[in-house]
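Readers should treat all values here as calculations from the given coordinates under stated rules, not as data from a laboratory. Worth saying up front: this structure is predicted, and the values here are computed from it rather than measured.
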Amino acid sequence: MMVSLDDIRAAQKLLTGIAVRTPLLEWTLPTDERKLFLKLENLQPIGAFKLRGAHNKVASLSDQERRRGVISYSSGNHAQGVAYAARALGVKAIIVMPGNAPKNKLEATAALGAEIVVVGPGSEDRRLRAEQLAAEHGYVIVPPYNDEKIIAGQGTVGLEILEDLPNVETVLVPVGGGGLISGVSAAIKLRNPNPGQPKVRVIGVEPELASDAQASLRAGRVVSFPAEQVLQTMADGLRTQSVGAINLEHIRAYVDDIISVTEDEIREATRLLSANPKTVAEPSGAVAPAAFFFHARELPHTSINVAVISGGNIDPKLLAELHNH
C-alpha cells in the first residue's frame, strides 16, 4: 500500500502541537556555492523524528485497540516515540529493546512510563518477541517502519522541508528500516512542483556495514544482512537487518539513489556536528551530513541541499570521547 499526499497532510494536521516543526539551519557559509541546510529533528521532545510516525499510528487506533495496549520493538528512538505518544494518549505501552541499546535510550524510554522487555541484539530478535507477546496478550503492534501510518507521519519532515526551502534541489535522508526515507521521498515527489522546475532529488544514506537498503534497491527485492555485520556500526539507530517490504515499494518509486558512508566518516561527521549545541547528532543522525561532507562526487551537483539530522540522543560517553580527540 502506497502512502498518498493526503495521508501525509492528514498526519501533519494530527501532529500540530505534538511534534515540533523543526527548523532548517544553514551549515555552510553564505559564500559557499554548495549549500547545506540541516533539518534539526534532534530538537523533537524525544530528541528524534520517530515521534511523528509513532504518534500518527497510536492516534489512529480505535478506542477498543487503545484499551488493549500497544507493543513495539526498537533499539531506542522509536521506543521513545511510542512511549511518548502512548503516555500522551493514555495507552499502555510495552517496548521490546535489545540489551545492547544505549543506556540513555533505555532509561529515557522507561522514564516515559513504558514497560521494557529486553532481548538479544538482532533486529529480528525483537520483532519476533513483540509479535509473540502481541499474540499472547492482544496488544496492538506499532511497527518501527513497515507501516503506512508510520510512513505518513515521518513524511511530514518532507513537507516541512519543501515549505521552508521551496528551491531545495537535493535532500539527504538516513536509512535504517526505511520509514523516514519512504515518507520524505513520497512527500517530496508527490507534492507537485511548479511546472518547469527541476525535480528534487532524494538520496538515502546508510552505514557501509548496514547498507542493506542500497542492496535492496539495486536488486529490486528486500535483501537482508546478517545481524553480526550490522551490529558493528556505531550508528545504533540504523542497525536494521533489512528494510520493510512496504518501505522498499516507496524507495523504488521515489528515491533517486542510496549511498553508504564509512564508520570513520560517521564518527568525524558526529564530531563536527557536536561543535554546535543545536546540531549535536547521535551517529545515526550524522550519516546524512556525512554523505555531504565526504561523498560530494557521488551526489548530484546541486547548490541547495538539505540533510536530515534524524536524532540527537548521543551516548554522553561517546560525546565526551569525540571532544577529547
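Under the 0.36 nm per residue contour assumption, what length would be gained going from the current alpha-carbon distance of Arg34 and Ser62 to full extension?
On the way: separation 28, 0.36 × 28 = 10.08 nm, distance 4.73 nm.
Taking Arg34 through Ser62 to full extension adds about 5.3 nm, to one decimal.
Could you work out how far the C-alpha centroid of the range 20-92 sits from that of the range 118-160, in angstrom?
Cα centroid to Cα centroid, the span is 14 Å.
Can you list residues whose amide H is under 5 Å from Ser274's amide H, if they're 5+ apart or on another chain and H is modeled 1.01 Å from N?
Amide H neighbours of Ser274, under 5 Å, 5+ apart: Ala281.
Taking the structure as given and computing semi-axes √(5λ) of the Cα gyration tensor in Å, which label from (i) 39, 22, 19; (ii) 35, 21, 17; (iii) 28, 22, 19 fits?
(iii)
Pick from Gln80, Gln197, Gln229: which is most flexible by mean-square fluctuation in a GNM of the chain where alpha carbon atoms under 10 Å apart are linked?
Top of the fluctuation ranking is Gln197.
Give me, ordered by chain and number, the residues 5 or more places off Ile258 or on other chains with an amide H under 5 Å from its own placed amide H.
Result for Ile258 returns Gly204.
Counting only helical runs of four or more DSSP H residues, what would the 222 nm mean residue ellipticity of the chain come to if each run contributes -39,500 (n - 2.57) and the total is spread over all its residues? Provide the component values of the computation, followed by the final result.
Numbers: 14 runs with 147 residues, N = 325.
Roughly -13500 deg cm²/dmol at 222 nm, from the helical runs in the chain.
Angle check, please: helix 245-254 long axis (alpha carbons) against the longest principal axis of the chain (alpha carbons), in degrees 0 to 90, nearest 10.
For 245-254 against the chain, the angle is about 20 degrees.
Can you give the angle from 0 to 90° between the axis of helix 50-59 and the longest principal axis of the chain, with both taken from C-alpha atoms, to the nearest 10?
The angle comes out near 40 degrees.
Whose amide H sits under 5 Å from the amide H of Ile95, counting only residues 5 or more places off or on another chain, with H placed in the peptide plane?
Ser72, Glu115, Ile116, Val117
Can you return the lysines within cross-link range of Lys149? Criterion is Cα-Cα under 25 Å, with same-chain partners fewer than 8 residues away left out.
Lys13, Lys39, Lys50, Lys57, Lys92, Lys105, Lys189
Using only Cα atoms, find the angle between the long axis of helix 77-89 and the longest principal axis of the chain, and express it within 0 to 90 degrees, rounded to the nearest 10.
It is inclined by approximately 60 degrees.
Using θ = phi - 60° and the Karplus curve 6.51 cos²θ - 1.76 cosθ + 1.60, what whole-Hz ³J(HN,Hα) does each residue of the range 311-317 get, with Gly and Pro shown as x?
x, x, 7, 7, 4, x, 5
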